[in-house]
Amino acid sequence: MTACCGLIFRWRGGWSEGIKDWKKFRNFLKKIVEKDKDRILFTVVRENKGDFSALLKNKYIYRELWDWVRDKQKTPFTKKIDVKTWNLQHDQGGKFRAQNLRAMNTMDSRGEKRYSFEEFLFIIFDRLYTLRNQVVHGGATYQSSFNRDSVDVGGKVLGLLTRAMLEIMLKAMQKNSEEQWGWIAYPPIGPAPRRSS
């Protein structure tokens, strides 16, 4: 579990390290999809389509909106973000809509195209990472209704995907005890703590 979750949340660090982590994460997703012989991930997505759709449709957890806000609009965070301007200036080519359409088509398919499903997962984790940044760096505050729906859906989706990925990893290791999943970002150190009864 540590390797899976650690890789998921480290892949977009600083640009120098982030590119290496990004590649590792893409390789991890590719391997997970290849090892998913029982189509566990596809089943999870299909059974929870509404939650995945909600993440995809939310512009406020789309990383490129925030890149634009910081780099182009230079908006102090005390001002209201002008999403209408972003729609006109930045997303004229419809990249947000096109990405969502590809992802939605993947959810509606039978999951035959493994590459498209890998890409779908990458898009979902990119949105989850942006949401994580909002929570950790102050965009979603304690006991506030601001952004709460996204946090609730994001937590549910992350839990579903993590459990599914762990199941795939365990099944792969049962078939091949030599199966390798990479380094553990935060390995346990010291003796295991005693559980109280």
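Here's the yes/no breakdown for (1) at pLDDT 80 or above; (2) crowded, with 18+ Cβ neighbours inside 10 Å:
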{"residue": "Lys24", "(1), (2)": "yes, no"}
{"residue": "Lys31", "(1), (2)": "yes, yes"}
{"residue": "Lys35", "(1), (2)": "yes, yes"}
{"residue": "Lys49", "(1), (2)": "yes, no"}
{"residue": "Lys57", "(1), (2)": "yes, no"}
{"residue": "Tyr62", "(1), (2)": "yes, yes"}
{"residue": "Trp68", "(1), (2)": "no, yes"}
> What are the residue pairs meeting all of these: first residue in the range 128-144, first residue modelled with pLDDT of 80 or more, second residue surrounded by 16 or more Cβ atoms within 10 Å (Cβ to Cβ) and of a type in the set (Asp, Glu), Cβ atoms under 8 Å, and 6 or more apart or on different chains?
Replying inline: none
> Within the range 157-183, can you find the residues that are part of a helix (DSSP H, G or I), farther than 18 Å from Lys49 by Cβ and touching a residue at least 60 places away in the same chain (Cβ under 8 Å)?
Replying inline: Thr162, Met165, Leu166, Glu167, Ile168, Met169, Lys171, Ala172
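The values are calculated or read from the model by the stated rules, or taken from the named source; none is laboratory data. Just so it is clear, the model here is predicted, and its values are computed rather than measured. Heads up, the Cβs are rebuilt from the backbone with ideal geometry, glycines too, and the neighbour counts pull from every protein chain shown.
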